[in-house]
2 protein chains.
Amino acid sequence: MESCLFCKIVNGEIPSTKVYEDADTLAFLDIKPVNPGHTLVIPKKHFTNIHETPDELLGKMAIVAKKISDAILKSGAKGINIGMNNGAIAGQSVFHAHIHVMPRYGKDSFSLWVGKEYDGNEREEVAKKIRSVLN
Amino acid sequence: MESCLFCKIVNGEIPSTKVYEDADTLAFLDIKPVNPGHTLVIPKKHFTNIHETPDELLGKMAIVAKKISDAILKSGAKGINIGMNNGAIAGQSVFHAHIHVMPRYGKDSFSLWVGKEYDGNEREEVAKKIRSVLN
């Protein structure tokens, strides 16, 4: 897509610090990492988010994210968070699908969500609703 | 694995609120969701984390996570965060690989990490180190 930052990176119009590349995917360092080594895995072709990315390509992206995770661990990280934000409300800022691979060492700016238990039979009702629209 | 909570869920020894199931994967509601509908996608066979999960199975888990994401969006969510925590330091609490699919609506307890730019040529050095151990 002409105006897309990540498409420009794929096309070489904007420089990036590449970590890995194959026919379908590209992995490069996030310029504002949660920790050094924070890598983004993207499809070379433009898809906005997880919903639009074809199944096979999404599977390939996940396998590349694993490959990067393995390398980051070998490089000294103690754990890895994988993240993919879909939609502005979920914190997505570049609307070209991307998987974050984030090395963790200890203290940093990453904080996990806090969960809250369901009330009464809300859980079963929510599951029923999701199952009813599942393809 | 005998003592594993998620293996017990797969085996039916512990109840869960299932959303989806196929030969290789199971998806059920997290009991402490960031928002109602927060779903976990797991392999039926025991693997500790992303590093141990075989490529093909990980790809299948990602495709199931997409399927659940699509359904959750249809159920009324405005966005989706995908997360996978690998290692205690990354917040993993059950050591059976799992992908979180988290519906977002607006205000909740989810907060994204804060990134920090690299200094000097640190970025190129970090990428070189990762590339050198990439298989």
Legend entry - region A:1-132: C-alpha gyration tensor shape, a/c 1.5 cut-off, then a/b vs b/c: oblate
Inset, instruction - Heavy atoms only, probe 1.4 Å: what % of the accessible area of region B:5-134 goes to carbon and sulfur, would you let me know? - result: 53
Legend entry - Local electrostatic count, A:Gly115, Cβ distance below 12 Å [Lys/Arg +1, Asp/Glu -1]: -1
Inset, instruction - Please report the relative contact order for region A:15-135, taking Cα pairs under 8 Å with a sequence separation of at least 6, and give it as a percent rounded to a whole number. - result: 25
Inset, instruction - Taking the Cα centre of region B:5-134 as origin, work out the dipole magnitude from +1 charges on Lys and Arg Cβ and -1 charges on Asp and Glu Cβ, in debye rounded to 20. - result: 320
Inset, instruction - Taking the Cα centre of the protein assembly as shown as origin, work out the dipole magnitude from +1 charges on Lys and Arg Cβ and -1 charges on Asp and Glu Cβ, in debye rounded to 20. - result: 240
Inset, instruction - Please report the buried accessible area for the interface of B with A, total over both chains, probe 1.4 Å, in Å² to the nearest 100. - result: 6300
Inset, instruction - Under a 10 Å cutoff between Cα atoms, tell me which one of A:Lys66, A:Lys74, A:Lys44 has the largest fluctuation in the Gaussian network model of chain A. - result: A:Lys74
Legend entry - Among A:Ser75, A:Ser109, A:Ser16, residue whose mean-square fluctuation peaks in a GNM of chain A (springs only between Cα atoms under 10 Å): A:Ser109
Legend entry - Estimated 222 nm signal from helices in chain A, with DSSP H stretches of n ≥ 4 weighted -39500 (n - 2.57), rounded to 500: -9000 deg cm²/dmol
Legend entry - Cα-based helix-to-principal-axis angle, B:55-74 vs chain B, degrees rounded to 10: 70
Inset, instruction - Between beta-carbons, use under 12 Å as the cut-off and find the net charge around A:Asn86, counting Lys and Arg +1, Asp and Glu -1. - result: +1
Inset, instruction - Compare each residue of region B:79-110 in its chain alone against the assembly with all protein chains, and report those whose accessible area goes down by 30 Å² or more; 1.4 Å probe, heavy atoms. - result: B:Ile80, B:Asn81, B:Ile82, B:Met84, B:Asn85, B:Asn86, B:Ile89, B:Ala90, B:Arg104, B:Ser109
Inset, instruction - Give me the accessible area per residue for the protein assembly as shown, probe 1.4 Å, as a whole number in Å². - result: 45
Inset, instruction - Using R₀ = 51 Å, calculate the FRET efficiency as 1/(1 + (r/R₀)^6) where r is the Cβ-Cβ separation of B:Glu124 and B:Thr48; round to 0.05. - result: 0.95
Legend entry - Radius 15 Å from Cβ of B:His100, net charge of other residues (Lys, Arg +1; Asp, Glu -1): +3
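The values are calculated or read from the model by the stated rules, or taken from the named source; none is laboratory data. Small disclaimer: the values here were computed from a predicted structure and weren't measured. Note: ideal-geometry Cβ built from the backbone for every residue, glycine included; neighbour counts use all protein chains shown. All accessible areas refer to the heavy atoms of the entire protein, side chains included, with ligands and DNA or RNA removed. Shrake-Rupley method; radii C 1.70, N 1.55, O 1.52, S 1.80 Å.
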